[in-house]
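What follows is a single structure, written as structure tokens, with notes after it.
The values are calculated or read from the model by the stated rules, or taken from the named source; none is laboratory data. None of these values were measured; they are calculated from a predicted model. Neighbour counts are summed over all protein chains in view; Cβ atoms, including those assigned to glycine, are modelled from backbone coordinates with ideal geometry. These accessible areas exclude ligands, DNA and RNA; they are computed on the full protein's heavy atoms, side chains included. Shrake-Rupley method; radii C 1.70, N 1.55, O 1.52, S 1.80 Å.
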Amino acid sequence: MEEELFTSGRNIPNIDPSLQIWHWPISLYLFLGGLAAGILFFAALFYLMGKEKQYPALKAAAVIPPIALSIGLLALVYDLTHPLYTWRLYTTFRIESPMSWGAWVLLITTPLSFLWLFSYYRSAFPKWESKLKLFKKFKFLEKFEKFLIANRTYMAYALVPLSIILGVYTGILLSAFNARPLWNNAILGPLFLTSGLSTGAAAIILLSRNREERHLFSKIDLALIVIEIALITHMIMGYYAGSQVQLEAMDLLVGGEFTLMFFGFVILLGLLVPAILEVIELLGYKVPVAVPAILVIIGGLIFRFIMVEAGQLTRYLY
Amino acid sequence: MRYAMVIDTLKCVGCSDCVVACQTENNVPHGYCRDWITEAVSGSYPNLELELRSERCNHCANPPCVRCCPTGASHVVEGGIVLVTADQCIGCGACIESCPYDARYQHPDGYVDKCTFCHHRLEKGQQPACVSVCPTKCMYFGDLDDPNSEISQLLKNRKHKTLSPEAGTDPHVFYLI
Ligand code: SF4
Ligand code: SF4
């Protein structure tokens, strides 16, 4: 038997028994970052492939990344305990710090996502414009829009790698911590990227009004779900082949307090059920497409919450 | 120059004087601490073994807390001491997550705080507060690079360990066992 106790006037109700310093804003931020990355990736990629005309939902979906990234950034700053010094992130670049990478990638991607949206504003949201009449009020917008449309290709070339870095980063932010065994797994980067792409595809399905487009993104989403299940299987197998601390970390997800959340909501409702529904739909049966899409999005959100929460319960014992 | 601390677990009685001395010396806010006592019991009755350890930041030679800091607030100074500059710290908590020893905490004022090896006292040629008050004199502090220093000699002659060396941080607080 081995037992360790903190004793002596440690008197530290704020530290004992466990150090939970990342809260829901971080989980939300990781989810929104992945979602935005997914949509931006598809939007830029299909634009570069010259297929944007066929898939109008991509334009409509352009409205999501700027909102998601703005809320995500607000959530992140909200979780900082010394927020007045946030500018310190941008007086340096620390190549070994995932947080630093994230801060810089977001600094570039967020405004770019706004510009990308604006370049579609008049063509994708004519109703809004007829209400707001922005172009009537501000003459220079005309020129600005022209400039953006002319440079869309460059924006798309930048957005493809940026969205991939953003998506991977949401996982690496956690996996870089060797002190938290549940996070310390290199597969988290690709896994969170895949999950982000999948939620992005799901959001596009939700916004789509045309069958062919929905089918294409259902197929893409299905492929991503299969990859995600494979990666999660790898993750679990990796932990079971790991050391004692990793075995203990896995106990939280398999048999421990997060089991129902993980297998019930993430694996079953967030991956398997939507995959089955999407297959049924593709086979030609009638399924409301919104159902699998919403399940995928909620599953992705819960997955982030579980990983952030459970990871902080795991640690080295000495 | 490589500062390190050596703590004799056979002499420590777990009185917590070091904890209180640190809280007083460094104005640690109420409800927090930079060092603490761990009581580790191992074995099965009646063959139980008790180890008392005064623990703190290990001023690791491969500090993940410094690597993950996005602003450079966490940094290493001469002698291998790991410090946090309060007005560069944004309170993101990355360093807290990265420390296998949970040696850092968020100060109520927002920035992250931890043991400094009493850097301000070293500059005046004094020992860290915890070392200087220990009634059993079980703590030693000095330069590991100097083969004649008290700590180098102790580590040469006594059996010792560090905490969770498998975490790969190369900790520099040593425990005599
Ligand atoms: S003990 Fe923790 S806080 Fe101290 S240097 Fe090592 S990793 Fe950093
Ligand atoms: S909390 Fe402060 S010291 Fe720690 S990583 Fe963030 S900015 Fe650096």
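Which of rounded, prolate or oblate describes the range A:24-311 when judged by the alpha-carbon gyration tensor and an a/c cut-off of 1.5? Since a/c reaches 1.5 but b/c is at least a/b, the shape of the range A:24-311 is classed as oblate. Loop-located trypsin sites (Lys or Arg not before Pro) in the range A:27-119 (DSSP state not H, G, I, E or B) with no more than 10 neighbouring Cβ atoms inside 10 Å: A:Lys53.
Its Cα centre serving as origin, chain A has a Cβ charge dipole (Lys and Arg +1, Asp and Glu -1) of approximately 2100 debye. Counting Lys and Arg as +1 and Asp and Glu as -1 over every other residue whose Cβ lies under 11 Å from the Cβ of B:Cys60, the net charge comes to 0. Accessible surface of B:Val13 in the full protein assembly, 1.4 angstrom probe, to the nearest 10 Å²? Roll a 1.4 Å probe over it and B:Val13 shows about 90 Å².
Given a 1.4 angstrom probe, what's the average accessible area per residue across the range B:1-129, in square angstrom?
Heavy-atom accessible area per residue stands at 36 Å².
Using a 10 Å Cβ count of at most 14 others and DSSP loop calls, identify the longest part of chain A lacking such GluC sites (Glu not before Pro).
No qualifying site falls inside A:97-256, the longest such stretch.
Counting Lys and Arg as +1 and Asp and Glu as -1, what is the net charge of the other residues whose Cβ lies under 10 Å from the Cβ of A:Leu28? Net local charge, A:Leu28 excluded: 0.
Treating r as the C-beta distance of A:Leu132 and B:Asn157 and R0 as 60 Å, the FRET efficiency rounds to 0.15.
Calculate what fraction, in whole %, of the accessible area of chain B sits on carbon and sulfur atoms when a 1.4 Å probe is rolled over the protein chains.
Accessible surface attributable to carbon and sulfur in chain B totals 50 percent.
For the range A:58-83, a decrease in accessible area of 20 Å² or greater in the assembled protein chains relative to the isolated chain, with a 1.4 Å probe, applies to A:Leu80, A:Thr81, A:His82. One quarter of the surface of the convex hull around the alpha-carbon atoms of the range B:1-40 equals 4.1 nm², the direction-averaged projected area. Rounded to the nearest 20 debye, the dipole magnitude of the range B:1-139 is 280 debye, with +1 charges on Lys and Arg beta carbons, -1 on Asp and Glu beta carbons, and the Cα centre as origin. Of the cross-linked pairs A:Lys51/A:Lys127; B:Lys124/B:Lys156; A:Lys139/A:Lys219; A:Lys131/A:Lys286, those separated by over 32 Å at the C-alpha level are A:Lys139/A:Lys219; A:Lys131/A:Lys286. Please compare each pair in A:Lys53/A:Lys137; B:Lys114/B:Lys161; A:Lys59/A:Lys136 to a cut-off of 24 Å on the Cα-Cα distance and tell me which ones are over it. Beyond 24 Å: A:Lys53/A:Lys137. Contact residues in the range A:162-188 by the 50 Å² criterion (accessible area, 1.4 Å probe, full protein complex versus chain alone): A:Phe177, A:Arg180. Averaged over its residues, chain A has an accessible area of 46 Å² per residue, based on protein heavy atoms and a 1.4 Å probe. With a 1.4 angstrom probe, the accessible area lost at the B-A interface totals about 4100 Å². Spin-label model, A:Leu107 to B:Glu78: label points 7 Å out along the Cα-to-beta-carbon direction sit 3.2 nm apart. I'd like the GluC sites (Glu not before Pro) in the range B:111-177 restricted to DSSP loop residues with at most 12 other Cβ atoms within 10 Å, sorted by number. Passing sites in the range B:111-177 are B:Glu123. Averaged over the residues of B:101-110, the number of partner chain Cβ atoms lying within 10 Å of the residue Cβ comes to 4.
Which one, A:Gly167, B:Thr38, B:Gln126, is farthest towards the positive end of the dipole of the protein assembly as shown when Lys and Arg carry +1 and Asp and Glu -1 on their Cβ? Projecting each Cα onto the dipole axis, the largest value belongs to A:Gly167. Carbon-plus-sulfur accessible fraction, the range A:24-311 (probe radius 1.4 Å, protein heavy atoms only): 72%. Among B:Lys11, B:Lys159, B:Lys137, the largest mean-square fluctuation in a Gaussian network model of chain B (Cα springs under 10 Å) belongs to B:Lys159.
Modelled spin labels at A:Tyr240 and A:Asn151, positioned 7 Å past Cα toward Cβ, are 5.3 nm from each other.
Could you tell me whether the range A:88-241 comes out rounded, prolate or oblate from its Cα gyration tensor? Rule is a ≥ b ≥ c as square roots of the eigenvalues, rounded for a/c under 1.5, then prolate if a/b exceeds b/c, otherwise oblate.
oblate
What does the structure give for A:96-102 when I average, per residue, the other chain Cβ atoms found within 10 Å of the residue Cβ?
Mean number of neighbouring Cβ atoms from other chains: 6.
By the Stokes-Einstein formula, at 1.306 mPa s and 10 °C, the range A:70-144 with its Kirkwood radius over alpha-carbon pairs has D equal to 105 µm²/s.
In units of the compact-protein estimate 2.2 N^0.38 Å, chain B shows a Cα radius of gyration of 1.02. Dividing the Cα radius of gyration of the protein assembly as shown by 2.2 N^0.38 Å, with N the residue count, gives 1.15.
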